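The values are calculated or read from the model by the stated rules, or taken from the named source; none is laboratory data. Worth saying up front: this structure is predicted, and the values here are computed from it rather than measured. Counting neighbours? That spans all protein chains shown, and the Cβs are built from the backbone with ideal geometry, glycine included.
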Amino acid sequence: MIPVKIREIQNRDAKQVAKMLQKEFGDDYKPFHFTESWLLEKIAYPNDLFLVVEKNNKKKGENIIGVIRACLVDIDLAELRNIVVHEEYRGNNIAERLIKQMLALLKKKGMRKVIVRTKAENKPALSLFRKLGFKKEGYFLEHFRRGVDIVQMYKFLE
Ligand SMILES: CC(C)(COP(=O)(O)OP(=O)(O)OC[C@H]1O[C@@H](n2cnc3c(N)ncnc32)[C@H](O)[C@@H]1OP(=O)(O)O)[C@@H](O)C(=O)NCCC(=O)NCCS
């Protein structure tokens, strides 16, 4: 298992994390841009929780290799968003560890149900969430792009 540290995001991570999100999701959200200032605003918002994955022996300024955001969208409902693991480190169960840690945090915050939405064609993400006990709840047709359907999955936190 690759040794990594999962911790809460700090303002100093914002530039790197915004770059990672822009690279992964930028095309889907055009013309919106994931910028450092956008992220700093989200970090300051109490209903947005972020965890990052830090790899210590990476070059200074490039030590963040993964991120997850959870939005507390209602009293006891949270949505997982913006989950990325750096390409070079995929397949090492990093996303699994990251999501498990976020679910534990959400449980502590009193969340009862957690949802996640992903493109219906995103097989890695669908099987990742299935492995973690999420189930399909429904589809959003052509939700944010013509021709791109979205699957919503859910999990109740016992
Ligand atoms: C999806 C993503 C976060 C997975 O990260 P990862 O660290 O490589 O995933 P893990 O190593 O923790 O994988 C855990 C499980 O997910 C599933 N999985 C992960 N990658 C997979 C792949 N390429 N193909 C099929 N299943 C995959 C498997 O069930 C795996 O369990 P296993 O190791 O027992 O087979 C990563 O591929 C990524 O950043 N993708 C681009 C962004 C994205 O699609 N985010 C999700 C949108 S909500």
Hey, any hits in segment 104-114 for a residue that's near the ligand (Cβ under 8 Å from one of its atoms) and either at pLDDT 95 or above or of a type in the set (A, V, I, L, M, F, W, C) (or both)?
-> no
Lone qualifier among Ile2, Ile65, Ile75, Ile94 - being within 15 Å of the ligand (Cβ to nearest atom), among the aliphatic types (A, V, I, L, M), within 26 Å of Phe134 (Cα to Cα) and out of contact with any His (no Cβ under 9 Å at 6 or more places or on another chain) = Ile2
